[in-house]
Amino acid sequence: MGELKSDLVITGGRVVTPDGVRAANVVVDDGRITAITDTAPAAESTVDAKGAYVLPGLIDTHVHFRTPGLLHKEDWAHGSRAAVAGGVTTVMDMPNTIPPTLDPETVVAKAELVRGNSLVDFRFHIGADPERPEVLAGLDPEIAVSAKVFMAGHHTAPTVVRDPAALEKIFATAAGSDLQLVLHAEDDSLFELLDQWQGPPVSYAEYEQRRPRSGGIAAVARVLELVRRYGTKAHILHLSSREEADLVCAAKAAGLPVTFEVTGHHLSFTDADTCRGGARTRLSPSIRAQADQDRLWAAVREGEVGSIGSDHAPHTVEEKTRSVADSPPGLPGVQELGTAVWTGMRRRFDEPEDVSAARLAEVLSAKPAELFRLTGKGRIEPGADADFALFDPAETWMLSAHHVYAKCGWSAYEGWTMSGRVRQTIRGGRVVWDAATGTFGEPDGRWLTGRF
Ligand code: DOR
Ligand code: ZN
């Protein structure tokens, strides 16, 4: 009799499929979705979604989980708990660790460290090393399909590519290897000049003036020129200004293989918050004016955005309370990502709730899965991995420090009234987060290469 039963059925939800939102049951066997049905079949276990949206597990393609070497800021156990508490079931981690992951050996070593400690499935962006561009040539896609280029330096940037010839070599090599470049596109020679002329910054009110949009615009223009020359696929990370958005959209419309990410932080805060909150909302690239934030939201509404990442970049309270010049940029956000984007969409977009839910699934799951070739991820359909976020759109709650699972223990969103909350997160057909009981599942997330 047992073999007639499915492993799991999720009943009573509003299922967000690529074809629209429908009241249905989702049936799961062996970690995969087998059917979306009107009547619930017999199953070993049942999860009642109680009218919540059943979203595909969210995919955050921009986290800094700080393993190895920076474990005082974050570790994989805390980072992945924060992720699943926010409905995220897959992350892509950045290479700026100690040592940085700049070659296949260090990527494999990182995967070994993460194995057995992750509640989420994972992949890594390898770091582009200007000294060794040849590492990217013919890179095994099991190791990485994407390489991070830091064009600007800051506290945690490992290998900054400032030499134009080295940058060009990286673009040429990546194009030949079908690698997706992901870029921190700022020209920090401008920032250095300003610091030299004006002395170290003493207040957050001048942060934007010290790290101005011109640095981003200049770097984005350079990236677009290299994309045009080599045909390299480029994804501009944490795009922060309206001018950059306009530039990238124009290039994309002209047929260049260029996309961009916006972060939950740039959608949620403005320079006024940095002025008030200081290091809490200090980020590189800086968080800009209201008109920039409005442009980024328009890019979400118009479908111009390639992904929304959290740029989960935690630092300790001690680090964040250093002097203005020494306090590192970056803030946690993987846990807040889905709810912050939902909250913003519901405030800004005059549209039915189901349209917002479909939009959330698209930009926080389907699109990143496609961009980074995360096979089996991003869509609720038969054959796909059984990863879900059960999201209650109606719950309104106030975020405070006691909700935070990131190791740093603080959130820039403390005191925010949030709309929508993740009730349960399911990865590979098993519950990995249950908000009602505050419990987590097994840390057996997979390195998405098929290796383990
Ligand atoms: O603000 C930032 N913090 N921007 C980055 O690009 C990196 C990050 C970090 O690692 O702390
Ligand atoms: Zn980052």
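Near the amide H of Ala43, within less than 5 Å, lie the amide hydrogens of Ser6, all on another chain or at least 5 residues away, with H placed in the peptide plane. About the centre of its Cα atoms, segment 110-172 shows a dipole size close to 200 debye [charges on the beta carbon of Lys, Arg (+1) and Asp, Glu (-1) only; nearest 20 debye].
Placing unit charges on each Cβ (+1 for Lys and Arg, -1 for Asp and Glu) gives the chain a dipole about its Cα centre, and among Ala357, Val432, Gly138 the Cα reaching farthest toward its positive end belongs to Ala357. Nearest 0.05, what FRET efficiency do Thr46 and Arg346 give at R0 = 35 Å with Cβ-Cβ as r? The value I calculate is 0.75.
With all pairs of different C-alpha atoms in the average, the Kirkwood value for the hydrodynamic radius of the chain is 22.0 Å. The lysines whose alpha-carbon is closer than 16 Å to the alpha-carbon of Lys50, local same-chain residues fewer than 8 away aside, do not include any residue. Convex hull volume per residue, computed on the Cα atoms of segment 23-69, equals 145 Å³.
Computed from point charges on the beta carbon alone (+1 for Lys and Arg, -1 for Asp and Glu), the dipole magnitude for segment 203-357 about its Cα centre is near 420 Debye.
Cα-Cα pairs above 22 Å in segment 93-202: how many percent? In whole percent, the long-distance tail amounts to 37.
In summary, the convex hull built on the alpha carbon positions of segment 247-293 has an orientation-averaged projected area of 3.7 nm². Among the lysines, select those whose C-alpha is under 27 Å from the C-alpha of Lys252, and discard any that sit fewer than 8 residues away in the same chain. List returned: Lys148, Lys169, Lys233, Lys367, Lys377. Ranking Thr321, Ala251, Thr37 by Cα position along the charge dipole of the chain, where only Lys, Arg, Asp and Glu carry charges on their C-beta atoms, puts Thr321 farthest toward the positive end.
Put in line by how crowded their Cβ is, counting other Cβ atoms within 10 Å and starting with the fewest, Asp292, Asp387 read Asp292, Asp387. Relative intensity of segment 308-429 on a log10 scale, I(q)/I(0) at q = 0.15 Å⁻¹, equals -0.81, per a Debye sum over C-alpha point scatterers of equal strength in the absence of solvent. Computed from the alpha carbon positions, the gyration tensor of segment 377-452 leads to an equivalent ellipsoid with semi-axes of 27, 16, 11 Å, biggest first.
Under 5 Å between amide hydrogens, built in the peptide plane, is the criterion, and for Trp447 it picks out Phe122, Phe452 among residues at least 5 positions away or on other chains. Size descriptors for segment 296-336: radius of gyration and Dmax over Cα atoms are 14.4, 40 Å. Equivalent ellipsoid of segment 1-122: semi-axes from √(5λ) of the C-alpha gyration tensor, largest first, are 36, 16, 12 Å. With only the Cα atoms considered, segment 241-373 has a convex hull volume of 120 Å³ per residue.
Ranked by the mean number of other Cβ atoms within 10 Å of their residues, highest first, the peptides 211-220, 168-177 fall in the order 211-220, 168-177. Residues His266, His235, ranked from the fewest to the most other C-beta atoms within 10 Å, line up as His266, His235. Taking every DSSP helix (H) stretch of at least 4 residues in the chain, weighting each as -39,500 (n - 2.57) and dividing the sum by the residue count yields a mean residue ellipticity at 222 nm of -8500 deg cm²/dmol.
Based on the Stokes-Einstein relation at 20 °C and a viscosity of 1.002 mPa s, and on the Kirkwood radius from alpha carbon pairs, segment 355-408 is assigned a translational diffusion coefficient of 159 µm²/s. The distance linking segment 18-53 with segment 239-266 is 36 Å (Cα centroid to Cα centroid, whole angstrom).
Considering only Pro95, Ala85, Val107, the residue lying farthest towards the positive end of the dipole of segment 57-129 is Ala85, judged by Cα position with unit charges set on Cβ.
Each value in this text was obtained by applying a stated rule to the coordinates, not by laboratory testing. Predicted model, so just to flag it, every value in this text is computed and none were measured. Note: ideal-geometry Cβ built from the backbone for every residue, glycine included; neighbour counts use all protein chains shown.
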